[in-house]
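First the structure, in the form of structure tokens, and then the observations on it.
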């Protein structure tokens, strides 16, 4: 990744929301684009492994720039062999592009878009996920879209507790789930902080917000 000048770009991006940085990757056929200026800095990534790009990449390609702050997008990380992000080897290897972006941008808001097959729903949202897999179950929002935290490996190592780190899971092949996810992304691209998003969730999805807060406190400690 060519990161020359990226540090300065966070402070000197134009007032109008133009694409200021395009970072090609010949191996993955992917790129990072950075829009906007100022704070907060948001990083959205999709197409993290396997064929998930088919349901998630276009969502990031279609998103418009934010009204305030910076929005960095990596629409396609990798479309090769599926390696779980819970595997400690994922980010240093397959997801190296993500770590490079995190280290350079230091985002206050970090979002991953994933997709899942129907047979894996219970593995993601089942009540026993914490006991079976070691991480809390996803919350169910609408249209089969699930919301949870990102892998503890990257959450603990690369982000302070104040950072908003979210992982969305979309059911594969569902146009309605993509529409709902797109609406959530439109909200998140304007969210200013973790606390602002918590207040939004308490209002729009109170049960899911309560679960997410309880899970976070149980897994990571105080918010």
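The values are calculated or read from the model by the stated rules, or taken from the named source; none is laboratory data. This one's a predicted model, so the numbers in the text were calculated from it and none came from an experiment. Positions of Cβ are generated from backbone atoms using ideal geometry, with glycine treated the same way; all protein chains shown enter the neighbour counts.
Looking at 155, 79, which is the one that is out of contact with any helix residue (DSSP H, G or I) (no Cβ under 7 Å at 6 or more places or on another chain), touching a residue at least 24 places away in the same chain (Cβ under 8 Å) and either surrounded by 19 or more Cβ atoms within 10 Å (Cβ to Cβ) or within 25 Å of residue 34 (Cα to Cα) (or both)?
155
Which members of segment 66-101 meet the condition of being within 25 Å of residue 174 (Cα to Cα) and part of a loop (DSSP other than H, G, I, E, B)?
75, 76, 77, 78, 79, 80, 81, 82, 83, 84, 85, 86
This table checks each residue for (1) within 18 Å of the chain's Cα centre (by Cα); (2) in a helix (DSSP H, G or I); (3) touching a residue at least 40 places away in the same chain (Cβ under 8 Å).
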| residue | (1), (2), (3) |
| --- | --- |
| 136 | yes, no, yes |
| 142 | yes, no, no |
| 161 | yes, no, yes |
| 181 | yes, yes, yes |
| 202 | no, yes, no |
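Among the residues of segment 123-134, count how many are part of a loop (DSSP other than H, G, I, E, B) and either on the phi > 0 side of the Ramachandran plot or touching a strand residue (DSSP E or B) at 6+ places or on another chain (Cβ under 7 Å) (or both).
Within segment 123-134, residues that are part of a loop (DSSP other than H, G, I, E, B) and either on the phi > 0 side of the Ramachandran plot or touching a strand residue (DSSP E or B) at 6+ places or on another chain (Cβ under 7 Å) (or both) number 1.
Going by the conditions given, is residue 10 in contact with a strand residue (DSSP E or B) (Cβ under 7 Å, 6 or more places away or on another chain), modelled with pLDDT under 95 and not in a loop (DSSP other than H, G, I, E, B)?
yes
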